[in-house]
Amino acid sequence: MPAKKAARFPRTARLLRHADFERVYKQGRRHFSASMTVFYWPRPAEAAAAMLAGAQAKPALSLSKGVPGPHLQPQGLRIGFTVGRALGGAVQRNRMKRRLREAVRMSRPTAGVAADVVINPKKSLLTADFSAVLNEVSRAFAVIEEKLSGKPSERTQAGGITNRIAASRKPEAGSRP
């Protein structure tokens with residue numbers, strides 16, 4: 001029986017530098033859910049184009065130092081996780097990160113908007129069912145894609161979420177239904 005190739009969460013799809021985390025926290029927007037808070041910040045398109053242009057002029061950076069070269073910049077989301085010490089001991093914090101990493105790996109969009117995302121779990125993530133965590137992560141990605149691209153994503157249209165939002169709005173004063 002041949003061994004299956006393990007699905008990976010590649011290094012180019014991860015947020016690794018402290019400065020990137022700080023930028024997302026300070027300049028980005030937030031999306032709240034029951035067991036996590038998701039911070040996101042759109043990467044400027046002109047900065048990515050400048051990096052790609054610089055990659056052609058200079059040789060590629062060495063990957064041995066752990067810094068991906070500009071030619072390896074991801075087109076979609078780069079995702080990072082932060083779990084503070086207030087959420088529990090190392091065992092609980094690592095379990096939260098493993099659950100989030102697997103949920104992100106299973107629901108990460110392959111292409112779409114270029115953005116940096118930081119997921120900050122709440123204590124309730126430990127007791128939540130994994131299917132609920134997976135649903136929250138995929139919903140957060142759909143919201144991020146919708147907000148940053150300016151058009152409803154396929155996931156939100158399929159679920160009828162935009163119709164429910166429009167139906168829940170109150171009519172303006174003085175107007176008749």
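Below are the figures for this structure:
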read-out: Flag for PRO109 being modelled with pLDDT under 95, closer than 17 Å to ALA140 by Cα and open to solvent by less than 30 Å² (accessible area, probe 1.4 Å); value: yes
read-out: Yes/no for GLU172 being modelled with pLDDT under 55 and among the acidic types (Asp, Glu); value: yes
read-out: Top-ranked residue in the stretch 87-120 [being touching a strand residue (DSSP E or B) at 6+ places or on another chain (Cβ under 6 Å) and in contact (Cβ under 8 Å) with a residue 40 or more places away in the chain; ranked as nearest to ASP20 (Cα to Cα)]; value: ASP116
read-out: Residue pairs meeting the criteria (Cβ under 8 Å; at least 6 apart or on separate chains; first over 20 Å from PRO109 (Cα atoms) and of a type in the set (D, E, K, R), in the stretch 10-24; second assigned to a strand (DSSP E or B) and open to solvent by less than 60 Å² (accessible area, probe 1.4 Å)); value: ASP20/ARG78; ASP20/GLY80; ASP20/ASP116; ARG23/TRP41; ARG23/ASP116
read-out: Residue tally, condition modelled with pLDDT under 95 and either open to solvent by less than 100 Å² (accessible area, probe 1.4 Å) or not in a loop (DSSP other than H, G, I, E, B) (or both), over the stretch 4-18; value: 10
read-out: All positions within the stretch 19-67 that are outside any helix (DSSP H, G or I) and modelled with pLDDT under 50; value: LYS58, PRO59, ALA60, LEU61, SER62, GLY66, VAL67
read-out: Members of the stretch 85-98 found to be under 12 Å from MET36 (Cα atoms) and either of a type in the set (Lys, Arg) or within 14 Å of the chain's Cα centre (by Cα) (or both), listed by number; value: LYS97
read-out: The one condition in (1) within 26 Å of GLU146 (Cα to Cα); (2) open to solvent by 20 Å² or more (accessible area, probe 1.4 Å); (3) modelled with pLDDT of 95 or more; (4) assigned to a helix (DSSP H, G or I) that VAL91 fails to fulfil; value: (1)
read-out: Pick from the stretch 126-169, criterion part of a loop (DSSP other than H, G, I, E, B) and either more than 24 Å from the chain's Cα centre (by Cα) or modelled with pLDDT of 60 or more (or both), ranking: surrounded by the most Cβ atoms within 10 Å (Cβ to Cβ); value: ALA128
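The values are calculated or read from the model by the stated rules, or taken from the named source; none is laboratory data. These numbers were taken from a predicted model, which means no experiment stands behind them. Cβ: placed from backbone, ideal geometry, glycine included. Neighbour counts: every protein chain shown. Heads up: the accessible areas ignore ligands, DNA and RNA and are worked out on the full protein's heavy atoms, side chains in. Shrake-Rupley method; radii C 1.70, N 1.55, O 1.52, S 1.80 Å.
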